[in-house]
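Step one of this worksheet: look at the structure below.
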Amino acid sequence: MAEPTLDALLHESRRFEPPADLAAAANAQPALYDAGSVNRIAFWEEQARWLWWDQPWTTPLVWDPPYAQWFVGGRLNACVNAVDRHVVAGFGDKVAFHWVADAEATTRTITYGELQREVCKAANGLLSLGVEAGDRVAVYMPMIPETIFTILACARIGAPHNVVFCGFSADALRGRILDADARVVVTTDAQMRRGKSTPVKPAVDEAVAQCPDVRTVVVVRRTGEDVSWTEGRDVWWHDVVDTQLDTHQPEAFDAEHPLFMMYTSGTTARPKGILHTTGGYLTQVAATHRYVFDLKPDRDVYWCAADIGWITGHSYIVYGPLCNGATSLLYEGTPHPEDQDRWWKLIEKYKVTILYTAPTTIRTLMKWGHEILEPYDLSSLRVLGSVGEPINPEAWVWYRTYVGGGRTPVVDTWWQTETGAIMITPLPGVTATKPGAAMTPFPGISADVVDNDGKPVPDGGGGFLVLTEPWPSMLRGIWGDDTRYRETYWSRFDNVYFAGDGAKKDEDGDIWLLGRVDDVMNISGHRISTTEVEHALVGHPAVAEAAVVGATDPTTGQAIVAFVTPRGNVAEDESKGDAFVQALRAQVAKEIGPIAKPRQILVTPELPKTRSGKIMRRLLRDIAENRELGDVTTLLDPTVTDMIRTNLSESGGAGGDEA
Ligand code: WT7
């Protein structure tokens, strides 16, 4: 029988039933949903019992909206749960990570036993630098084993880590160090990118120059790059850590002890420090990792291709998989055009069974063509995951058909930095999936789609996604800004969490995510606020005003399009030139990072405004996406939009380069 074409699969509007063998043996059986709905709290207590507690909790949940405390009275150590317990259980020789350097230049296999020794040395090293429980440690590091050692060492001594993605600029790093008031920063000399050493430490030097309270910068030698050195502040990892004892007696911390903070973009120019604590977070990341990916620690090789610098890396490279005793692949590189078959080589070589990645990556691989995969044996794969943005049905079906050989379930997992762990997702052995739908809340999670007044919409209706009950891994607040915590998530509707996403319920009541409803853009699964980019642009002395919108992009999901009006004193030919646009893009890269560089910048003498002076972003979005303009009746000067359109066509729709 001929294979059905991708097109046919897509338009058949079918559901994909879980494979029978998987369904029979899956960690998650249909009864899990019953357990979650009969008694939500008891369900989560059951999940929490998978962890090692030094002292059991007395009360599972104290909910004083919008503040939750889970497993109150319980004490545990996150690092012991991720590492030591597996060694104690006799799995010291089991591989925790197969680390593969960029372009496979080197590899390193790290067993749980070795991980324990490395983490103890790192913990002793941090202690020797005077780091105490409760102190924040900033981490600005690429995808190397030392990054994981640092994170776990922080957890072990109760020092909340604040990992900043290495693609952020010095300015962005400085803001996060200052806001978290971190006194110690851990970094590297450089990182490997596309086979080349790219400096990392200069950004730290620049950031820390204006952080008077940072007393120590610990530097891992990754590539041997020359670095400038500040005596008395900078220390080498190999001097501070490698000289330490490889044992350390861990202490148990309160279930609500802060584990880490992770900064994410909101609707203002200032990122928010999302705070996560210990017991509830670990409970939910471990449970979701076990059930959503059907993890079998004795046979799976799991690969989450995210970066540790984002929440996905925290929850599904570090804490979830390690708490479950998984064997993971940790790959330093990212897919790029000169290296199109690297992923498939790695999957074949390491016999990867579970792959977790983002729609933007799937679309990139899809663009390169399925012929690239054909020479490789990918039959080890049995579950495929997607996260970060809505996955279009074409990419979903391509993923399942070509990467998954038409056999594997695809789990589209919706969650956020704030939720800490997966919230809405199919379960691979249970759910009949629909391409493009995140389907149903995880057992024990209560979500709904509501209208403007907060009333649940009927099946077939659309509205705002809300979470209606507290969940164990929920954020505990925004670092240093309680008002913003209440306003951002809890003021739109009474006592329910407002996620900021649009969603619909289909005729079966299954949930489809439709993208953000606020001023947050999603670029390749990275969250960037329009205000943040506008703020960066007006920081340029020649810019009077800037408006930024997210426009649909076939690969990155959304792309940043900026409209900029130059100051009156800037000569017209100067502001028209390519050099000006390049200077503006550089300005954004400096303030935020290369990931936030606009795909397109339009220089225009005026922006479309309402009579009350508000910039009409909706119109700009229409222009950026080349659509017919919507309602323009409130527009102050209708000729402005024509003018922008003309400029747009003259600029030839000049695209941006890669992030
Ligand atoms: C926002 C959260 C969760 C880790 C990565 C991003 C969007 C995330 C999905 C999905 C549709 C999704 C939402 C959400 N998003 N996953 N499966 N389907 N949208 O974390 O940076 O905190 O961003 O990403 O818009 O609100 P984040």
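Residues in the stretch 501-526 that are within 11 Å of the ligand (Cβ to nearest atom) and within 13 Å of V449 (Cβ to Cβ): D501, G502, A503, I511, W512, L513, L514, V517. Among the residues of the stretch 506-538, those identified as open to solvent by 30 Å² or more (accessible area, probe 1.4 Å) and over 18 Å from P359 (Cα atoms) are E507, D508, V517, D518, D519, T531, H535, V538. Within the stretch 368-387, none of the residues are on the phi > 0 side of the Ramachandran plot, surrounded by 19 or more Cβ atoms within 10 Å (Cβ to Cβ) and within 16 Å of the ligand (Cβ to nearest atom). The number of residues in the stretch 539-571 that are of a type outside the set (S, T, Y), outside any strand (DSSP E or B) and either within 15 Å of the ligand (Cβ to nearest atom) or surrounded by 19 or more Cβ atoms within 10 Å (Cβ to Cβ) (or both) comes to 1. Within the stretch 235-288, the set of residues being free of Cβ contacts under 8 Å to residues at least 60 places away in the same chain and closer than 20 Å to D84 by Cβ comprises just one member, Q249. In the stretch 523-551, the residues that are more than 21 Å from P390 (Cα to Cα) form Cβ pairs under 7 Å with partners that are surrounded by fewer than 22 Cβ atoms within 10 Å (Cβ to Cβ) and β-branched (V, I, T), at six or more places apart or across chains, as follows: T531/T267; T531/T268; A542/V570; A544/T565; E545/V538; E545/T565; A546/V538; A547/I615.
Give me the residue from the stretch 426-446 that is within 12 Å of the ligand (Cβ to nearest atom) and at negative phi and, out of that set, surrounded by the fewest Cβ atoms within 10 Å (Cβ to Cβ). Looking at the filtered set, the residue picked out is A437. Counting only strands (runs of 3 or more DSSP E) that sit wholly inside the stretch 358-463, those with at least 1 residues that are out of contact with any Lys or Arg (no Cβ under 6 Å at 6 or more places or on another chain), of a type outside the set (G, A, S) and under 24 Å from D307 (Cβ atoms) are 383-387, 410-413.
Tell me which strands (runs of 3 or more DSSP E) are completely within the stretch 47-127 and hold 3 or more residues being hydrophobic (A, V, I, L, M, F, W, C) and closer than 20 Å to I317 by Cβ, or say none if there are none.
Values: elements: 59-64, 67-72, 95-100, 107-111.
Hits in the stretch 47-127: 95-100.
Residues in the stretch 302-333 that are within 15 Å of the chain's Cα centre (by Cα) and under 17 Å from T188 (Cβ atoms): D307, I308, G309, G313.
Could you list all residues from the stretch 447-477 that are more than 16 Å from the ligand (Cβ to nearest atom), in contact (Cβ under 8 Å) with a residue 24 or more places away in the chain and open to solvent by 20 Å² or more (accessible area, probe 1.4 Å)? Passing the criteria: G454, P458, D459, G460, T468, E469. Here V548, V561 are screened, and the one residue that is of a type in the set (A, V, I, L, M), touching a Gly at 6+ places or on another chain (Cβ under 8 Å), at pLDDT 90 or above and at negative phi is V561. Checked against (1) more than 16 Å from the ligand (Cβ to nearest atom); (2) touching a Gly at 6+ places or on another chain (Cβ under 8 Å); (3) farther than 30 Å from D181 by Cα, G480 passes all but a single condition, namely (3).
Give W344, W310, W303 a once-over and let me know the one that is hydrophobic (A, V, I, L, M, F, W, C), within 23 Å of Q416 (Cβ to Cβ) and free of Cβ contacts under 8 Å to residues at least 60 places away in the same chain.
On the way: W344 fails: within 23 Å of Q416 (Cβ to Cβ); W310 fails: free of Cβ contacts under 8 Å to residues at least 60 places away in the same chain.
Sole residue among the options that is hydrophobic (A, V, I, L, M, F, W, C), within 23 Å of Q416 (Cβ to Cβ) and free of Cβ contacts under 8 Å to residues at least 60 places away in the same chain: W303.
So which residues in the stretch 388-417 are more than 20 Å from R516 (Cβ to Cβ), within 15 Å of the ligand (Cβ to nearest atom) and of a type in the set (S, T, Y), if there are any at all? Selection gives Y399 alone. Looking across the stretch 390-413, just one residue is surrounded by 23 or more Cβ atoms within 10 Å (Cβ to Cβ) and of a type in the set (D, E), and that is D412.
Which members of the stretch 271-304 meet the condition of being of a type in the set (K, R) and either buried (at least 24 other Cβ atoms within 10 Å of the Cβ) or in contact with an Asp or Glu (Cβ under 7 Å, 6 or more places away or on another chain) (or both)? Hit for the stretch 271-304 is K272, nothing else.
Which residue, of E507, E532, E487, is closer than 30 Å to E574 by Cβ and among the charged types (D, E, K, R)? Write out each step before concluding.
Working: E507 fails: closer than 30 Å to E574 by Cβ; E487 fails: closer than 30 Å to E574 by Cβ.
When all the criteria are applied, what remains is E532.
Report yes if E574 is farther than 18 Å from L620 by Cα and either away from the ligand (no atom under 16 Å from the Cβ) or open to solvent by 20 Å² or more (accessible area, probe 1.4 Å) (or both), otherwise no. When the stated conditions are applied, E574 passes them.
Considering each of W414, W396, W344 in turn, give the residue that is at pLDDT 95 or above and under 14 Å from the mean Cα position of the chain (by Cα). Within the list W414, W396, W344, the selection yields W414.
The values are calculated or read from the model by the stated rules, or taken from the named source; none is laboratory data. Treat the numbers as computed from the prediction; the structure is a model and nothing was measured. Because the Cβ atoms are built from the backbone with ideal geometry, glycine has one as well, and the counts that use them run over all protein chains shown. Keep in mind that these areas ignore ligands, DNA and RNA; they rest on the heavy atoms of the full protein, side chains included. Shrake-Rupley method; radii C 1.70, N 1.55, O 1.52, S 1.80 Å.
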